[in-house]
Structure formats: C-alpha cells, structure tokens
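Reviewing the structure listed below.
The values are calculated or read from the model by the stated rules, or taken from the named source; none is laboratory data. Just so we're clear, the structure is a prediction, and the values are computed from it rather than from any experiment. Because the Cβ atoms are built from the backbone with ideal geometry, glycine has one as well, and the counts that use them run over all protein chains shown. Ligands, DNA and RNA are stripped out before the accessible areas are found, and what is left, the full protein with its side chains, is counted by its heavy atoms. Shrake-Rupley method; radii C 1.70, N 1.55, O 1.52, S 1.80 Å.
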Amino acid sequence: MLESAEKFKNIFHIHSWLDRCAYIFDEVVEYGPLKVDLGQLKWLTPAGFTVLLSTLNYLDRFYYLETIPPKFDSRTDKFDIVGYMERMNFLNSCPEDVKLSFEKMINMDYYYNRNRNRKEKELDELRISRCDRDIEELGRSIKRIMKGKGLHINRISDITEIVTELAQNAVEHADEISDAECYSCVQYYKETSTQPGRVEIAICDTGRGIVDSLRDHVSVGSTNDKIVEKAIFTRASRFPEQDRGKGFNNVRRTAFGWSSDAEFYVRTHDSMYRIYENRLELLDKGRYFPGTFYYIIINV
C-alpha cells in the first residue's frame, strides 16, 4: 500500500513520498491493483500538488490505483482539502480510476456544482504541458495573474521566465520518453503577520532526470552529485552543438538576482538538493524514481 503523510508541504515531504513510490515500484508486482491511501492528507502546497499528480499518473501506467481519498470532517477540520483539490483542477488531471474512487466515496457533485469566484485571476491551477503551445499559454496565465496582484512588470517577467524555462526544459527532456509530461503549479500568497508576500513555483516531470540525461555528456567518472552541480552551474548539455545549457543558469541567476533569500530546491534521481546562489547542498539521498522536481519560493 502507498500511504500519504498528513502534509505535502516542503521538499522533505516530497522526497519522502518519492522514496515510497520508488519502493512500491521496486517491490510490488506490476499490472495488479495498488491501494493508495490519501486518507490522512490535510495540506498541499503547489509542490505537493505537482508531485502527487505526476506520480499517480506515472504509477497508473503499471497499476490499477484503488484510492482512498482524503477525509474531510466539517466539524473538526478548518480546511477542506477535497474542495481545494477540486478547485486546483486535480480531479480533471488525475487517473480515471483515482477520480472514480473520489466520486464513489465522496459526494463530489457538491464540489463540481458549487458557485465560486473565477480562479484564473487568483492562481494558476495544476497544468500539464506537452508542447510549446501549452507553455506559451502557461506564460500568459502567469503574466495575467501576477499583473492582477500588482507586481512590478520586471518581476512579472522574471517569474514568467523562470516558469517557462523550467517547463520548456522538462518538455524537451520528455520528448524521448513515452507519455512523459510537465506538471506545473504557481501561486501567489499575500503578506501576513507571520510571512512576507511570496510566489511559490513548482515544476516537475517524470522523464529521465538530470543525472541520466547528462551522464554521457560530462566528465567521465563524475558522481551523480557532480552531474547535478554541473547542470545547475555550468552550460552542461546533451546538445552542446546547439549552444544549449543556459536554461538552469538563467533560472538560478534570475531567482537570486531578484530575491537574495530565495529558496530553490530540486529532487532528481535519488537525491534532494538546495540550490544557493553559488553552491549546491545535498540534503538527503533516497531511492531512485524517474523525473525532476523543482520547488522555488521567492519573497515579493
């Protein structure tokens, strides 16, 4: 059984979930039923949404997912996690067997038919990008939302550049992988008494990952950590003849050039890292699972 934690909030929660997915993939016979228990899930950030959706869609290629949806008790729970997942477009993008499990165990008509404010001016819900046209629409959506929040035009351009650069890279790396896709979620949070205003950017895919993509294009004998470091801080690329490899560098410089206290994380192959302006920190190693998962928090 694949069981979620109470929260998918930060890079450590993401890393733990991916380790559990890797264990399932290594130990459970393919093409049978797999019980996925989301019953304890109470909180999701943009990064949590992208990693949950991408991994369920990936595992659905190999298993029938018997899913227990999150439990919401209006008497005790302050936050309706099921309503939030529906609002964020999770039910329209998840595997059909997962959606059917939600509808079987929860009165989803209540959520599908409710009146609510137009969300396109408030947040960029979960999106799946498969081609350049999708990324162009993603960029337009980000600009529209951030303009509505009153951000300076230069900051809007920076955020859009970060999102579209990472999404483009994910789609390009997915070209060689059947059914691989780029998942994105971007949200703006206004300032509160305990936290500054911020933008959270989550981009992920279930493609080859940084290590496997670049292993044959860097120095012989490079460790996995060194390969990731070269991807982030140099112009290492699978396509050096096309003058590629600038994307990660551009994203890093843009993120820290705008906000020196930006938080920039990546989980790829079997490890999670924090990216600083001039160095890479290994946070933990786990099990291998396909894909690359970015999570960026920028104070505004």
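Considering only Cα-Cα distances, which of the following residue pairs are longer than 19 Å: Lys42/Lys147; Lys9/Lys104; Lys42/Lys71; Lys147/Lys190; Lys143/Lys230? Where the Cα-Cα span goes over 19 Å, the pairs concerned are Lys42/Lys147; Lys9/Lys104; Lys143/Lys230.
A simple spin-label model places pseudo-atoms 7 Å from Cα toward Cβ; at Asn92 and Asp261 they are separated by 3.6 nm. Solvent-accessible surface of the chain, averaged per residue with a 1.4 angstrom probe and all protein chains in place: 48 square angstrom. Tell me whether the chain comes out rounded, prolate or oblate; compute the Cα gyration tensor, take square roots of the eigenvalues as a ≥ b ≥ c, and use a/c under 1.5 as the rounded threshold. Judged from the Cα gyration tensor, the chain comes out oblate (a/c at least 1.5, b/c at or above a/b).
For segment 53-155, what class follows from the C-alpha gyration tensor (a ≥ b ≥ c being the square roots of its eigenvalues): rounded when a/c is under 1.5, otherwise prolate if a/b is larger than b/c, else oblate? Don't skip to the end; give the middle numbers.
Values: a/c = 2.66, a/b = 1.38, b/c = 1.93.
In terms of gyration-tensor shape, oblate.
Once backbone amide H atoms are built at 1.01 Å from N, Leu65 has Leu34 as its partners under 5 Å, excluding neighbours fewer than 5 places away on the same chain. Applying the Karplus relation 6.51 cos²θ - 1.76 cosθ + 1.60 with θ = phi - 60° to segment 42-52 yields 3J(HN,Hα) values of 10, 8, 9, 9, x, 5, x, 4, 5, 6, 5 Hz, where x marks Gly and Pro. Solvent-accessible surface (1.4 Å probe) assigned to Phe49 amounts to roughly 0 Å². For the options Asn250, Asn89, Asn113, a Gaussian network treatment of the chain with springs between C-alpha atoms closer than 10 Å singles out Asn113 as fluctuating the most. Taking the protein heavy atoms of the chain in the context of the full set of protein chains, the accessible area attributed to carbon and sulfur is 45 percent at 1.4 Å.
Roughly how compact is segment 128-300, stated as its Cα Rg over 2.2 N^0.38 Å to two decimals?
On the way: Rg = 15.9 Å, N = 173, 2.2 N^0.38 = 15.6 Å.
My calculation over the Cα atoms of segment 128-300 gives 1.02.
Among the GluC sites (Glu not before Pro) in segment 28-118, those located in a DSSP loop and surrounded by at most 14 other Cβ atoms within 10 Å of their own Cβ are Glu30. Leu34 exposes around 10 Å² of accessible area when a 1.4 Å probe is run over every protein chain in place. Scan around Leu283 for amide H atoms under 5 Å from its own, H built in the peptide plane at 1.01 Å from N, and keep only partners 5 or more places away or cross-chain. The list, which skips near neighbours in sequence, is Met272, Tyr273, Arg274. You can think of it this way: the chain between Asn249 and Asn10 has 83.7 nm of extra reach, that is 0.36 nm per residue less the Cα-Cα gap. Candidate cross-link partners of Lys226 among the lysines, defined by an alpha-carbon separation under 27 Å and a same-chain spacing of 8 or more, comprise Lys246, Lys285.
If you average 1/r across every pair of different Cα atoms in segment 1-107 and take the reciprocal, what Kirkwood value do you get, in Å? Intermediate results must be reported in sequence, preceding the final value.
Details: mean 1/r = 0.0715 Å⁻¹.
This gives a value of 14.0 Å.
Placing +1 on the Cβ of each Lys and Arg and -1 on the Cβ of each Asp and Glu in the chain, which of Ser54, Ile153, Gly32 has its Cα farthest towards the positive end of the resulting dipole? Of the listed residues, the answer is Ile153.
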